[in-house]
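Engineer: Encoded as C-alpha cells, here's the structure I'll be asking about.
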Amino acid sequence: MTNAKIFITARLKSTRLKLKAILPLGNYTLISFLIKRLSLVFKKKNIILITSKKSQDKRLVEIARNQGISFFCGHADDVLLRMSHAAKKNKVKNFLICTADNPYIDPIFAEKLYKFHIKKKLDMSTIINLPFGTFCYAVNTKALNKVIKIKDTQNTEVWGDYFRKINKFKYEVYDKIPKLLSRPDIRLTVDVKKDYQLIKEIYRLVKKDMPTLVDIMKCVKKNPYLLKINFKVKQKKYMPIKVKKKYQNLIIAK
C-alpha cells in the first residue's frame with residue numbers, strides 16, 4: 001500500500017441532489033463506498049475526510065469515525081483553505097484529493113498519479129482520458145499556499161484553474177491510459193438524479209461488492225443503453241478564477 005495521504009472533500013449542502021454523499025449504493029453510502037474503494041490501495045490512516053464545521057456536516061464526521069479514517073473540519077466554502085489547513089495538520093508536503101461526488105474513483109490510477117506527481121516535482125497534476133469522475137488530483141502544499149495568497153475569493157469549490165491558469169505553477173497531466181479505460185466522454189460523477197441512476201445501475205449489473213474500473217467499463221461496453229441514462233446531463237459551469245489585482249498579470253491568456 002502507498003504511504004500517500006488522500007483527502008476526500010465532502011459537504012451535505014448539495015441542492016440539485018440533496019444529501020448525495022450519503023445516498024445508498026448497495027450496502028454502502030456513496031462516501032463509505034469511496035472510503036472502502038480507496039482503502040484497497042491506501043492505508044486507512046492516510047485517508048482523510050475534509051469537510052466543514054457546519055452542523056449539517058456532522059453526519060459525515062460520524063461516517064468517517066465509523067469507517068476508521070481521520071477527518072478535518074475547516075472552512076465551509078473555501079476548499080483551498082480547507083485543503084491547506086488539513087495538509088498542515090497532517091504535516092504533508094504533497095497529497096492526493098478527490099470528492100465524495102465520485103464513488104468510482106480508481107485508486108490504482110490515483111497511486112500512479114501520485115508517483116508521477118512526485119517524480120516530476122509538480123505543483124498540481126491530474127489524469128486525462130479516464131471517464132469523468134474516476135480520477136483525482138495531486139497537489140503540492142507549498143504551491144497551494146502560494147495560490148491562497150494570490151486568490152481573491154473564498155468561493156473555491158472548483159479550484160483547479162488556479163494552478164492551470166496562473167503562470168507560476170508547474171502543472172502536468174498523466175495520460176498513460178489503457179484503451180478500454182480511455183473514455184473521457186463517459187460521465188461517472190454524481191451531481192444530479194440521472195447521474196445517481198447510472199451509478200446504481202452499473203453497480204447492480206456488475207454484481208461485485210467493489211468493482212474495478214475495468215469491471216465498470218466492461219459493463220458499460222456490454223450494456224450501451226447505460227450511457228443514455230445521463231448523456232444529456234451537462235457539467236455545470238463555474239465562475240472564472242479571481243486573483244488579487246497585483247497578480248492579474250500572472251493569468252495565462254487564452
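Engineer: What Cys residues in the chain are without a partner cysteine, judged by a Cβ distance under 4.7 Å?
Structural biologist: That list is Cys73, Cys219.
Engineer: Could you list His75, His117 in order of exposure, starting from the residue whose Cβ has the fewest other Cβ atoms within 10 Å?
Structural biologist: Least to most surrounded, the residues fall as His75, His117.
Engineer: Another question, if that's okay. Could you list which residues have their amide H under 5 Å from that of Val243, counting only those 5 or more apart in sequence or on another chain, with H placed in the peptide plane?
Structural biologist: Under 5 Å from the amide H of Val243 lie the amide H atoms of Asp152, each far enough along the sequence or on another chain.
Engineer: Please check which bits of region 38-74 a label hung off Val214 would reach, taking the label as a point 7 Å along Cα-to-C-beta and the cut-off as backbone N under 17 Å.
Structural biologist: Taking a point 7 Å out along Cα→Cβ of Val214, the residues of region 38-74 whose backbone N falls under 17 Å are 40-41.
Engineer: Further, regarding this structure: Suppose every K and R has +1 on its Cβ and every D and E has -1 on its Cβ; what is the size of the dipole of the chain about the Cα centre, in Debye to the nearest 20? Kindly include the intermediate steps, with their values, before the conclusion.
Structural biologist: Details: 57 positive and 19 negative charges, 93 e Å.
The calculated dipole for the chain is roughly 440 debye.
Engineer: Follow-up question, since we're still on this one. Considering amide H positions built from the backbone, and no H for Pro or chain starts, which residues 5 or more places from Thr99, or on another chain, come under 5 Å of its amide H?
Structural biologist: Distant-sequence amide H within range of Thr99: Thr9.
Engineer: Counting other beta carbons within 10 Å of each Cβ, put Ile31, Ile216 in order, fewest first.
Structural biologist: Lowest to highest Cβ neighbour count: Ile216, Ile31.
Engineer: Give the order of Leu144, Leu49 when sorted by the count of other beta carbons within 10 angstrom, beginning with the fewest. Could you put the intermediate results ahead of the total?
Structural biologist: Details: Leu144 23, Leu49 26.
Lowest count first: Leu144, Leu49.
Engineer: OK, next. Please list, in chain and number order, the residues 5+ apart from Ile251 or on another chain whose amide H is under 5 Å from its amide H, with Hs placed from the backbone.
Structural biologist: It is Asn167, by chain and number.
Engineer: Could I ask something else about it? To the nearest Å, what is the center-to-center distance of region 1-45 and region 208-234, using C-alpha atoms only?
Structural biologist: Value for the Cα centre distance between the two parts: 19 Å.
Engineer: Next question, about the same structure. Output the pairs from Lys91/Lys121; Lys112/Lys236; Lys44/Lys121; Lys194/Lys236 with a Cα-Cα distance over 20 Å in this structure; if there are none, say none.
Structural biologist: Lys112/Lys236; Lys44/Lys121
Only the coordinates and a few stated rules stand behind these numbers; no lab work does. Please read all numbers here as calculations on a predicted model, not as lab measurements. As a convention, Cβ positions derive from the backbone with ideal geometry for all residues, glycine included, and neighbour counts pool all protein chains shown.
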